[in-house]
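Beneath this line is the structure, given in structure tokens, with notes to follow.
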Amino acid sequence: GTGTGGTGTYTVSASQTVASTAMSSTEQKLVGAYAVYNNNMNFVAFSCTGAYTVDWGDGTTSDIATGVQANHTYTTATYAAITGQNAYLGYKTVLITITPQSGGNITAVTLASNWTDGKTPDANSGNTRWLDIKAGMAATTSFQAGYIWKGFRSLEQFEWVGPNVWTTCNYMFYTQHALKRLVSLYTNLSTGFSSMFTSCHALTSVPLFNTAKGTSFSGMFTSCHTLTSVPLFNTANVTNFSYMFNSCHALTSVPLFNTANATNFSAVFSFCTSLISVPLFNTAKVTNISSLFQNCFSITSVPVFDTANVTNFSYMFSGCRLASVPLFNTANGTLFNTMFATCNALTSVPLFNTANGTAFNRMFDTCNTLTSVPLFNTANGTNFSSMFTNCNALASVPLFNTAKGTLFNTMF
């Protein structure tokens with residue numbers, strides 16, 4: 001399957017000609033805008049498997065043998081010769097074009113290569129200056145899978161014309177703080193999408209790409225602070241959703257993903273401070289729901305999720321401003337620590353089944369408006385420390401069974 005264009009208006013601060021470059025899914029070509037500053041420290045290095053030709057965009061070309069790294073330096077003379085480009089960001093741009101030599105194929109591309117002199121900053125330091133990349137490598141089977149853009153801190157836009165390359169998209173755009181738009185991507189071979197967009201601070205939305213084979217979405221959008229929406233991805237095979245939207249501060253809602261096979265739901269929405277509501281996800285197989293809504297300040301109510309198999313409820317609502325919570329099935333729960341800590345609007349809670357609970361520490365820490373708690377079954381509880389610390393409105397508590405308790409420090 002192919003990706004579709006992202007939404008919204010996007011103006012490339014590099015050359016607009018990258019996006020307009022004609023390219024089909026059957027040809028082999030990569031075109032990228034590269035930032036050139038007014039100094040002699042503009043280094044670029046990459047390599048390909050298959051003999052290839054590089055047009056450096058400064059009037060020079062190079063024919064490179066297969067597996068040999070291409071190195072190039074742009075100088076102040078290069079900068080002076082670039083005309084018709086706005087340098088208000090401190091740089092001008094050249095277009096670098098990679099194609100196979102006549103009759104050959106490029107089967108692998110490694111763009112973030114280290115400079116060969118051992119002195120200048122390498123790709124790992126974030127000094128590569130790719131701004132916009134469009135590629136259609138029909139014969140390519142490898143395109144830097146895993147931490148693909150680790151040195152691409154300037155990349156603003158990416159478009160993959162096709163065909164399929166990635167068997168995993170894990171960490172693909174990891175820490176690309178400048179990435180504003182993903183135009184399209186072929187991903188129907190990928191099983192992993194973990195941390196794919198982690199810390200893409202400028203990203204507001206993504207196109208719908210093929211995730212039918214995906215099994216892990218862990219951390220997929222963690223710390224995408226400006227993300228406002230996501231499409232309805234195919235998540236039928238995903239088991240791990242942990243931290244998927246952690247710290248997505250601008251996100252207000254999400255689609256009803258297919259979570260029928262999910263087992264790990266920990267911290268999916270933690271620190272989503274603008275989140276207002278979530279759908280009733282299928283959580284029948286989930287065992288870990290810890291920190292699910294931690295510090296979700298704006299959420300006012302939550303559905304009655306199926307939590308029959310959940311054992312870990314720790315931090316589930318910590319920092320929330322909910323006035324009440326539903327009676328979840330907690331029969332298998334063992335960890336209840338910090339479950340409602342700093343829930344300053346909470347006045348009461350239902351009588352949860354805590355017969356298997358061992359950890360109750362900080363369960364209601366700093367619940368300033370809590371006026372009563374039911375007589376929970378704490379027969380197996382061992383840790384009660386700080387359970388009711390700073391519960392200023394609480395006048396009394398039931399006589400809990402603390403026969404197995406070993407930790408009671410600052411319980412009240």
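Within the option set Leu275, Leu322, Leu327, Leu251, being closer than 16 Å to Phe340 by Cβ, aliphatic (A, V, I, L, M) and open to solvent by less than 10 Å² (accessible area, probe 1.4 Å) holds for one residue only, Leu322. Residue pairs whose Cβ atoms lie under 6 Å apart, sitting 6 or more positions apart in sequence or on different chains, and linking a residue in region 278-291 that is among the hydroxyl-bearing types (Ser, Thr, Tyr) to a partner that is at pLDDT 95 or above and open to solvent by 20 Å² or more (accessible area, probe 1.4 Å), are Thr283/Asp306; Thr287/Thr263; Thr287/Asn309; Thr287/Thr311; Ser290/Asn312; Ser290/Tyr315; Ser291/Tyr315. Scanning region 66-100 for residues that are among the aliphatic types (A, V, I, L, M), assigned to a loop (DSSP other than H, G, I, E, B) and at pLDDT 90 or above gives a single hit, Val68. Scoring Ala45 on the criteria (1) of a type in the set (A, V, I, L, M, F, W, C); (2) closer than 27 Å to Ala139 by Cα; (3) open to solvent by 20 Å² or more (accessible area, probe 1.4 Å) leaves a single failure, condition (3). Given the criteria assigned to a loop (DSSP other than H, G, I, E, B), of a type in the set (Ser, Thr, Tyr), under 21 Å from Trp160 (Cα atoms) and at pLDDT 85 or above, does Ser13 qualify? Answer is no for this residue.
Within region 341-377, being open to solvent by less than 10 Å² (accessible area, probe 1.4 Å) and not small (Gly, Ala, Ser) holds for Cys343, Leu346, Phe352, Thr354, Phe360, Met363, Phe364, Cys367, Leu370, Phe376.
The values are calculated or read from the model by the stated rules, or taken from the named source; none is laboratory data. For clarity, every value in this text was computed on a predicted model and none was experimentally measured. Virtual Cβ from ideal backbone geometry, glycine too; neighbours counted across all protein chains shown. For accessibility, only protein heavy atoms count, side chains too; no ligands or nucleic acids. Shrake-Rupley method; radii C 1.70, N 1.55, O 1.52, S 1.80 Å.
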